[in-house]
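The values are calculated or read from the model by the stated rules, or taken from the named source; none is laboratory data. Just so it is clear, the structure is predicted and the values come from calculations on it, not from any experiment. Cβ: placed from backbone, ideal geometry, glycine included. Neighbour counts: every protein chain shown. Side chains included, ligands, DNA and RNA excluded: accessible areas come from the protein's heavy atoms. Shrake-Rupley method; radii C 1.70, N 1.55, O 1.52, S 1.80 Å.
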Amino acid sequence: MAGRLDGTDAASLWESLRWLAGICRSALAATPGQGLASVLFSVMSQVALLAALLLPWKLLVVVSANAFPTTLPRFLSAYETRELVLILSLATLAAFLLHIACEAGIGYAARRGAEAVLEKNGKTGLFTGHREQAARLYQRLLRTLGAGACCLLIALWLALAYPLLLLALLLYLAFGLAAVRYCSALPLWRKHRPPQDLVSKAWWGGGFLYLVAWVVADYWRGTLPGLATAFIALVLARQALVMSAQILHSLLALNRDRSRMEAIFLAHAPWVPKPQRDGGFQALLEPAASQTWVRDLLSGYEGSRPGPLEIACRPAEGGKIIYLTAAMAQGERAYLLKLYHRSSETVAQHEAEALRAATPSWPAPVLLGEHRVEEHICLAFPWHRKMRWMWAAERASWLQVLRGRLLECALPPELVQRYDRSHPSLSQRLQDVDWSFLQAFSTSGETGALCDALQGRWPDILEALDAMPRQLVLASLDRRMMATDAAGTAPVIYNWTRWRWEPVGAAWPFKRHSVGELGDILKKAAAAREDLRGVSTESAMRAALLFEFERRLQSRDFLGALDLVPTIHGRCMEGVG
């Protein structure tokens, strides 16, 4: 694909370099002073860093041998050893401080340059945080140019002081890049791509060992220059390898932000949001592809690879979760596969935890297994030709029954422990309510006084909440995927994503259903769960109110949360005495 830099296409690499050159010309034309200053700061920073590394070595030579190093300026030989040690120590400190100052100068030049570019191009209404993004991208661009300038200066010094090592460095760069490009095209590399940091360390670490071996070979051939020259040349060559890796990674990062780069640095380029890469997720749903992988997956349940299937897909959560029903060409046998995009892997694993713990009394399907389809998780369930998805009106008629069945569900202690180690409780989520901020939306002094009263008793209210037994909660139950058969039997909930283990009463729709209905459901559930027998209807209603209060705060519906304050005050203040 044109414009995509992935290390496998030479034409793509050349096109990306040309694109980056155009961005550099535009940015430097708008901010020549900041660009030049940044490059100079980069060179000075590397020189200062080199001095800060080499001067301690000279200092050790002076201290240990009590002799004057030949590579130091001759005028320093007039000083006594003690004075020379002090001078070298101060010079090391000064070099390090200069390095820090130059790094700060690069950041300052980048911020000023980004502001100048945005002002000159006159853009408005770009993406969120575009000024911060502009400073970050401009600084990365300037650091790339500075690293390139440093590499050129290092190459020039090596050409004058140690040409053979420069030849070795160029050979390594050429063959190393060719090897990286070859490896990146291998299927094994694409499937088990190592971390970027590891590749970088292997790149410059292996290159440095190669250069050391070259220096040793020069020693055997009798072509090695002076020890000090060889040492400095190795240090500089290593730094060139590190900066070459930084340049490549910066080029890749800038190319990934191509739309933002063009919108910021090119006057007439609008910002076009980059479509998110789906990792081949959509390709799995194409008819030919889905027939292949679904039949392969189901062969583990059928004993042999089934023939052509009748596959139907249904998207959920913005297309990140796909429900696939796969029916055999003959007979009533069928399966439901729930395919999660790799970005929803945590959601899939959390859902699978609850489904593995499900018993026959739960309104949940039987989980047959968990699989990997390329990089995506897939859960497999039994299905039947006569089963169908329920409409919203059908789901609504079963909601009260389902809430009662969910209340009867009990989780294994080990799953509860894993849940508690991973998710904050309702009381923890309500611990830091900003009552002063909430009162800012109040239109009456009475509501503000109620907030003050609740704030004074809030720890006691949360303590009572923590003492309650808990239940399975599926938020927005009316919008979850449910299925039933042709006879309209009790529905099965196929969407258990983001389930919670909350105090009894949480997610109860108190505005649409009375306290008496909640009491009836509690009484029935207590027959199945002994720990619910001591739960009063009032305490469950308090949990329902606090759960909704927290939900509105999390969704930043502050007026809605404030509307609940009088009701919470009336029920919770009485409940805690």
Failed condition for residue 204, given (1) under 34 Å from the mean Cα position of the chain (by Cα); (2) at pLDDT 75 or above; (3) farther than 19 Å from residue 238 by Cα, with all others met? (3)
Please name all residue pairs, on different chains or six or more residues apart, with Cβ atoms under 8 Å, provided the first residue is in the stretch 22-34 and is in a helix (DSSP H, G or I) and the second residue is polar (S, T, N, Q). 30/121
Could you check the stretch 220-236 and list, in sequence order, the residues that are exposed (fewer than 14 other Cβ atoms within 10 Å of the Cβ) and of a type outside the set (S, T, N, Q)? 220, 221, 222, 226, 227
Residue 260: charged (D, E, K, R), surrounded by 13 or more Cβ atoms within 10 Å (Cβ to Cβ), at pLDDT below 85 and within 30 Å of residue 26 (Cβ to Cβ), yes or no? no
Which of the residues that make up the stretch 123-154 are more than 25 Å from the chain's Cα centre (by Cα) and open to solvent by 40 Å² or more (accessible area, probe 1.4 Å)? 123, 124, 125, 145, 152, 153
Hey, can you tell me all the residues within the stretch 367-417 that are of a type in the set (Phe, Trp, Tyr) and over 23 Å from residue 309 (Cβ atoms)? 391, 398
Of the residues 514, 536, only one is out of contact with any helix residue (DSSP H, G or I) (no Cβ under 8 Å at 6 or more places or on another chain), surrounded by fewer than 20 Cβ atoms within 10 Å (Cβ to Cβ), of a type outside the set (Asp, Glu) and modelled with pLDDT of 90 or more; which? 536
Does residue 527 fit the bill of being among the aliphatic types (A, V, I, L, M) and over 38 Å from the mean Cα position of the chain (by Cα)? yes
Every pair of residues 6+ apart whose Cβ atoms lie under 8 Å, when the first sits in the stretch 76-101 and is within 20 Å of residue 50 (Cα to Cα) and free of Cβ contacts under 8 Å to residues at least 60 places away in the same chain while the second is among the charged types (D, E, K, R) and surrounded by 13 or more Cβ atoms within 10 Å (Cβ to Cβ): 88/58
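Here is a yes/no grid of residues against (1) out of contact with any Phe, Trp or Tyr (no Cβ under 7 Å at 6 or more places or on another chain); (2) within 20 Å of residue 20 (Cα to Cα):
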{"site": "121", "(1), (2)": "yes, yes"}
{"site": "130", "(1), (2)": "yes, yes"}
{"site": "142", "(1), (2)": "yes, yes"}
{"site": "151", "(1), (2)": "yes, yes"}
{"site": "158", "(1), (2)": "yes, no"}
{"site": "168", "(1), (2)": "no, no"}
{"site": "176", "(1), (2)": "no, no"}
{"site": "196", "(1), (2)": "yes, no"}
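Each row is one residue, and each column tells you yes or no for (1) aliphatic (A, V, I, L, M); (2) open to solvent by 60 Å² or more (accessible area, probe 1.4 Å); (3) closer than 26 Å to residue 533 by Cβ; (4) in a strand (DSSP E or B).
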{"site": "381", "(1), (2), (3), (4)": "no, no, no, yes"}
{"site": "386", "(1), (2), (3), (4)": "no, yes, no, no"}
{"site": "400", "(1), (2), (3), (4)": "no, no, yes, no"}
{"site": "442", "(1), (2), (3), (4)": "no, no, no, no"}
{"site": "451", "(1), (2), (3), (4)": "no, no, no, no"}
{"site": "458", "(1), (2), (3), (4)": "no, no, no, no"}
Checked against (1) open to solvent by less than 40 Å² (accessible area, probe 1.4 Å); (2) at pLDDT 80 or above; (3) under 30 Å from residue 280 (Cβ atoms), residue 249 satisfies every condition except (1)
